[in-house]
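Here the structure is laid out as structure tokens; the discussion comes afterwards.
What follows draws every value from the coordinates through simple rules; no lab data is involved. Remember, it's a predicted structure, so these values are computed and weren't measured experimentally. Please note: Cβ atoms are built from the backbone with ideal geometry, for glycine as well, and neighbour counts cover all protein chains shown.
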Amino acid sequence: MPPAMPAAQEEKDSTVQKQLPHRYDGVAKVTGKAKYAHEFEVPNPAYAVMVQSTIPSGSLKFIDQSAAAKAPGVLAVITPFNAPELPKPKPQPPARRHVTVFQEKDIWYNGQPIALVVAESLDQARYAATLLHITYNPPPAKLNFPGRLNEGRPPKQQGREPADSKRGDVPTNLSNSPTKIDVTYTTPVQNHNPMEPHATTAMWEGEKLTVHNSTQYIDGDRMTIARDLGIPMDNVQTVCPYTGGGFGSKGSTWSHVVLCAMAAKVVNRPVKLAVERGQMFGPVGTRPTTVQQIKLGAGPDGKLLAVQHDVIEHTSVMEDFLEPSAFQSRYLYDSKSNQTSHRLVETNLGVCTFQRAPGECTGTAAFESAMDELAFALKMDPLQLRLANYAEKDVEKDKPWTSKHLREAYQQASDRFGWSKRNATPGQTKEGNKLIGYGMATAIYGANRSASQATVRILPNGRAFVGAATQDLGTGTYTIMAQTAANALSLDPTLIDVKLGDSTLPKAPVSGGSQTAASVCPAIPDAALQALLKLSELAVNDPQSPLHGLTSADIDTKNGRLISKKDSSKSETYAAVLTRNGNQTVEGQGSAEPAQSHEAFTSQSWGAVFAEVAVDIDTHMPEVRRIVATYDIGTLMNTKTGINQLQGGIVWAVSTALHEESHIDPSTGRTANESLAEYHVPVNADIGTLDVTCLNIPDTKFNPLGARGIGEIGITGASAAVANAIFNATGKRIRDFPITPDKIMQAKSVTQSVA
Amino acid sequence: MNPFSYQRADTPEAALHAVTADRSAKFLGGGTNLVDLMKYNVEHPTALVDINHLSLSEITPGPNGGLSIGALVRNSDLANHREIVAGYPLLSQALLAGASAQLRNMATTGGNLLQRTRCYYFTDTAFPQCNKRMPGSGCGAIQGFNRIHAILGQTDKGANSPETCIATNPSDMSVAMSALNATVQVQGPKGKRSIPVRDFHRLPGATPQVDTVLRPDELITAVDLPSARFAKNSWYLKVRDRQSYAFALVSVAAGLELDGNTIKSAGFALGGVAHKPWHSPEAEHALIGQPATPDTFRKVADLALRGAKGYEHNEFKIELAKQSIVRALTVAAQGVQA
């Protein structure tokens, strides 16, 4: 932290900012001026194509590259048999990934990168890749996940929270519960598919390496590239002004990034490597499949006496990754006793990683469906059941929340939705050939924050600059950085120029865990304060300034002017001070990190989600008609980008509920449906109306902005709301996501005996 | 993608000459399927003969009061053509149920008839078995992930048999054309011939690599529709995993000609269940002279699915197809337009 300085001015209230009406980067994106990693012009680029294994386990016997090497335009074929030797890196969890950069001949999964073909053109590289003749030693693979659940073991290393937890006596409380359920839910393998697949452009100039990479963490890329290649970090610059979506898959540095830099060294010219859509299914991370057993016991009033949530999930044989699906079940509701566990089953599939709300996405899909089952068993309204178990504090850690207004969220969303019109008996509401159902669920996601830095400059032309080595995943980082700088500098947000996505800027953390706004923005007022202090010093020491002779503590700021606190007639613009003083720019460096006091609290974001679904009685196709949601996410920094992120999360939750699954071929371990035609995500016609609001109640105990981050909470809860609506429509409880027409057709309805 | 040559043909004769000269040449229409398959390294023609400039883009009056659809009429144009919408709503609905607006704008009538299966084991060359892609290699689907596969007319002699194939035809348009009993007009080096669309696609039999009876040196010039009988009472029902841009789990093209509540004639085919649009003459015949009632439709559904065999992941299609048939025929009988 910087030393205490005399306050040049009061820090502005960061929780109330003037919003930019449009995305800062919107025009650049819709006009095609925004440059993505593969689009940067570099002199004389070569093109690399990644070749993947076609077996799930074993080792490479030989790669015959004689035909490929002779193909037109080919510059190099790099394989584990001829790749430059790299230093053996030490594992650095959590984001450090086991990448395959041709240092070993082992095969861990089908689709693993095993060769790189570099050619003058992309087409030449692709053609030459088909000429490689690859032979393997293929021992049997560990593939059948459902058949090997008994192989589940605890994670080798503990993450941020322990994998298992126990509070109170669950077995006794369960057996004493008058109403109890014991249900098992499953969720499938999912693969991130942002609009922009991963892409890298690498260029060496002597010992200096510049890498344009589509990423969620430019500084992490820089560290990993330097470490993997064994070069000083100062020799690496990573650049990424725009990321076309990441969803967690771009939070780690994968094989192709290091391989691209390696290839550029081998062919001694810049190399571009675009990961193809089909290559998104394995080499760049996966959400693991989960099997979740949930036991709930409740009293006649619906009060939870016991909560037990046990998760078994697959992990790669290369390294452990825990999708903590049961974490939220520890504190989502109050309960007399609570017990959770997570077990991993090693499988010959690509490395598992963070995917939007890792844990909460799959965890709430199952747990909030189970709560609906409990409500049905209790003959209780599902919303009333939630209210009966409202957690007034973090019961697991016995800490108060920094801020929680979930009751208001339930109230507002249920009113707008018309929840009171719900028919509690499933299968009763019919419109023509359709059964109509209402469902609800609670959304939850943690509030994360890390140390970050920022630079602010006040320019003599009346504008200002703010920069940090963060990234904008399409989420609005540019926009809220501009707003936050404008607020701190008393300028209009349209006067702010933002630079991010360059590792030469001040350090910022990974854009993961919904933490970018909450981490980066708090550093900006600090930097702005330092810049304004320098500006004030210039003014008070300048005989030509109306503020001459005052101290900087006497000066306030308003509308781009320095003003005397005592005599508001004495003022001048920032630009006037700077132009008169040699047209100079003043710069401030700022930093922010979580306060010590944050240990005393728990911070979570909350939401209430209501869904209406129609299910056709003959085709069994479900149709989401509308989703109404209200979120308690602290300050909503920008309405357009914030609501848009929440809506996007809900769309993905619908996908998780109804559509999305990577189908793994049982004998080869290859993803069968590795294209966007066959890997189903919702199209516009699958999403009815989305009515999303935020309470916009600042959580200033969490950070001065009061903003808790909103990137992930939208995907939580909503899948269960849809599933619960399907149950209410049909009386059919499908516990195997996604809920496709065939599963609805084959399920038994609880109402069939009476229908 | 392999290197290939490209040439443009301006007449059917020139196009035919070009493919006859080079046995691994292919015609290029909309390219919406062929170009994908070339990128996947599934198809590797040495030459592409671009036929987009042939004069085959018109819809004209056909023989016996029907319509003749030029082979290059784009799917979007066909679906929205006034006379198609008025006389053959079944075909219009089927086309609009397929692909996406962008793909329909490019895809041609002839190309749609020739589109290849979306069986994962066919489109991904990393899979070691596919009798369609590598004749004799076996079938990866039969013991693999087979949710989208065939339940009728497949060849099932075990995974390692060179004959086994449980792939499905992906087209929606062809299903409607089968129900409408259309005729495919083709031109070859020895002249022209007509092929009923119901005979145009084939079952895998012992040669699953062959999708249709079209010979490599033949060009589709048109599809003729018979005079419109089902304009009032028809329905194309497509059951799929999402509301748009997904291939059919099961689809039903149903057309009825009614005299009061009695079925005078019918056209009826299924999609998503077989190596070709599935037309059961027996099921179709069982509609004739019967009252348009759920009872009749249920009997027809049972007949149409007779002999169906499911696999680990697609067993559901048998029951789903039956329910869909009853629904589609019911809606067709009610005369509700989409």
For peptide B:119-128, the mean count of other chain Cβ atoms within 10 Å per residue Cβ is 6
For the A:Gln103, B:Lys39 Cβ pair and Förster radius 25 Å, calculated FRET efficiency rounded to 0.05 is 0.25
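A 32 angstrom limit on the alpha carbon distance is what I want to check against. Which of A:Lys88/A:Lys156; A:Lys434/B:Lys299; A:Lys434/B:Lys157; B:Lys232/B:Lys322; A:Lys399/A:Lys748 exceed it?
Check vs 32 Å cut-off fails for A:Lys434/B:Lys157; A:Lys399/A:Lys748.
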List the lysines whose Cα sits under 17 Å from the Cα of A:Lys565, skipping any in the same chain fewer than 8 residues away. A:Lys12
Among B:Val184, A:Val628, what is the fewest-to-most ranking by other Cβ atoms within 10 Å? A:Val628, B:Val184
Which aspartates and glutamates have a Cα lying under 13 Å from the Cα of B:Lys309, excluding residues fewer than 8 positions away in the same chain? B:Asp156, B:Glu319
Using a 10 Å cut-off around each Cβ of peptide B:139-148, what is the average number of partner chain Cβ atoms that fall inside? 4
Under a plain spin-label model, where a point goes 7 Å from the Cα along Cα-to-Cβ, how far apart in nm are A:Glu276 and A:Gln589? 4.6
Distance between modelled label sites at B:Ala206 and A:Arg625, nm, 7 Å Cα→Cβ extension: 5.7
When A:Arg126, A:Arg287 are arranged by how many other beta-carbons sit within 10 Å of their Cβ, fewest first, they go A:Arg126, A:Arg287
Residue-normalised 222 nm signal for chain B, counting each DSSP H run of n ≥ 4 as -39,500 (n - 2.57), nearest 500 deg cm²/dmol, is -7500 deg cm²/dmol
With contacts defined as alpha carbon pairs under 8 Å and 6 or more residues apart, what's the relative contact order of chain B in percent? 17
Post the alpha-carbon centroid distance, region A:306-347 to region B:215-238, in whole angstrom. 55
For region B:45-63, list residues with backbone N below 19 Å from a point placed 7 Å from the Cα of B:Tyr6 toward its Cβ? B:45-54
Here the Cα Rg-to-2.2 N^0.38 Å ratio for the protein assembly as shown is 1.01
Starting from the Cα gyration tensor of chain B, take the square roots of the eigenvalues, sort them a ≥ b ≥ c, and report rounded, prolate or oblate (rounded when a/c is under 1.5, otherwise prolate if a/b is larger than b/c, else oblate). oblate
Centroid-to-centroid separation of region B:114-140 and region B:157-193 [C-alpha atoms, Å]: 17
For chain A, which DSSP H helices look membrane-span-like by this rule: Cα extent along the axis of 20 Å or more and mean Kyte-Doolittle of at least 0.0? A:360-378, A:523-540, A:639-658
Note to self: C-alpha centroids of region A:230-247 and region B:294-310 sit apart, in Å, by 60
Label-point separation (nm) for A:Gln596 and A:Val30, each offset 7 Å from Cα along Cα-to-Cβ? 5.0
Zone reached by a paramagnetic label modelled 7 Å from A:Ala424 Cα along Cα→Cβ, restricted to region A:606-621 with backbone N below 11 Å, covers none
Per DSSP H run of n ≥ 4, the term is -39500 (n - 2.57); total these for chain A, divide by its residue number, and report the mean residue ellipticity at 222 nm rounded to 500 deg cm²/dmol. -6500 deg cm²/dmol
For B:Ile69, A:Ile524, ascending order of other Cβ atoms within 10 Å (fewest first) is B:Ile69, A:Ile524
As a quick test, which of the pairs A:Lys430/B:Lys238; B:Lys26/B:Lys317; A:Lys393/A:Lys507 have an alpha carbon distance above 31 angstrom in this structure? B:Lys26/B:Lys317; A:Lys393/A:Lys507
Cross-link partners among lysines for A:Lys397, C-alpha distance below 23 Å, same-chain residues fewer than 8 apart left out? A:Lys166, A:Lys295, A:Lys303, A:Lys336, A:Lys701
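At 10 °C and 1.306 mPa s, what whole-number value in µm²/s does Stokes-Einstein give for the translational diffusion of region B:5-50, with Rh from the Kirkwood sum over Cα pairs?
In µm²/s, the coefficient is 149.
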